[in-house]
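The structure under discussion appears below in the form of C-alpha cells.
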Amino acid sequence: MKDKNHLIRLIIILGIGTFLSYRIYQFRFSSFLFDVFIVGGISIIGFLFWIWSIRKDYKKYKATKNKRFWIGGIIGIVFIGLIFGIYLKNNAEFNKPTLVRVYYDGDFNGTSIDFKTDGTYIFDNFAIGFSDYVHGNYKINGQLITLDKKEIDNVIKTDLLEIKDLKENGIDHLAGKYLFQIESNGKEIERSTKFRVVIDNRK
C-alpha cells in the first residue's frame, strides 16, 4: 500500500506538470479570457500537492533511506523549470519590438497583425475573449509587405499587402494609413479586410 500511494502521488505530479506545460505552450497559439484563472488555479493546486507530497516522501526517506522517494521532488523541480522557461519564451515572442501594427475592428470580433522588427509577425484573430494566433515571417520593401502565407484564417487572402496613406472619404475610412490586401498586379482585392495602421515605427 505504501508503494502504491507513492506511485499515485508521482502519477498526479506527472499529470499536472504535463498538463500545465502543454497548456502554457499552447498560449503561443491561442488564449481565452479566463485562462489565467483556470491555469493559475490548477498551478496553485499542483504546487500545494507537490509540497505535501515532498513532505510525505521526506518522512518515508528518513525511515527507509530509499532514494526513490526523491523522485517526486525532482520531477516537480524539472516541471517548474520547464513551465517557467516556456512562459518566458512565449513572453519574449510576443514582446519583441514592433515595426508596424495594424488593426481591424469588427465590433464583437477583430483582427490585428503585429509586424516585428526581426521579420516575424503575429496574426491575432479574436472574438469575445478568445484569441487565435498565427506566427510567420514577412519581408518589407517600402510600402509593400510580403508574407510567407497566401491565406490566414479566412481573413488574409493573399501574401501581398500594401500600406497606403489615405484621406477621409466619409464612407470606408477615416484619414490615415491603412493596410490593403492586393493582387500581384497591385490591384486591391475586392471585399477583402482592410486594416488601420495603429503603430508605424518605420524610418
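The values are calculated or read from the model by the stated rules, or taken from the named source; none is laboratory data. Here the structure is a predicted model, which is why all the values come from computation and not from measurement. Here the Cβ is made from the backbone with ideal geometry for all residues, glycine too, and neighbour counts use every protein chain on show. Accessible surface areas use protein heavy atoms only, side chains included; no ligands, DNA or RNA. Shrake-Rupley method; radii C 1.70, N 1.55, O 1.52, S 1.80 Å.
The one condition from (1) within 12 Å of the chain's Cα centre (by Cα); (2) loosely packed, with under 13 Cβ neighbours inside 10 Å that Asp105 does not meet is (1). Number of residues in region 191-203 that are at pLDDT 90 or above and part of a loop (DSSP other than H, G, I, E, B): the value is 5.
Residue-by-condition table, conditions (1) in contact (Cβ under 8 Å) with a residue 12 or more places away in the chain; (2) under 25 Å from the mean Cα position of the chain (by Cα):
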{"position": "Gly136", "(1), (2)": "yes, yes"}
{"position": "Ile163", "(1), (2)": "yes, no"}
{"position": "Glu168", "(1), (2)": "no, no"}
{"position": "Gly176", "(1), (2)": "yes, no"}
{"position": "Ser192", "(1), (2)": "yes, no"}
{"position": "Val198", "(1), (2)": "yes, yes"}
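Residue-wise test of (1) open to solvent by less than 80 Å² (accessible area, probe 1.4 Å); (2) part of a strand (DSSP E or B); (3) at pLDDT 95 or above.
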position: Lys59; (1), (2), (3): no, no, no
position: Gly76; (1), (2), (3): yes, no, yes
position: Gly81; (1), (2), (3): yes, no, yes
position: Gly85; (1), (2), (3): yes, no, yes
position: Leu99; (1), (2), (3): yes, yes, yes
position: Phe115; (1), (2), (3): yes, yes, yes
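Quick check: is even one residue across region 6-17 of a type outside the set (Asp, Glu), open to solvent by less than 40 Å² (accessible area, probe 1.4 Å) and within 30 Å of Asn201 (Cβ to Cβ)? No, that holds for no residue. Consider Leu20 carefully, then state whether it is open to solvent by 70 Å² or more (accessible area, probe 1.4 Å), of a type in the set (A, V, I, L, M, F, W, C) and part of a helix (DSSP H, G or I). Criteria not met by Leu20. Here Ser184 fits the description: part of a loop (DSSP other than H, G, I, E, B), small (Gly, Ala, Ser) and open to solvent by 40 Å² or more (accessible area, probe 1.4 Å).
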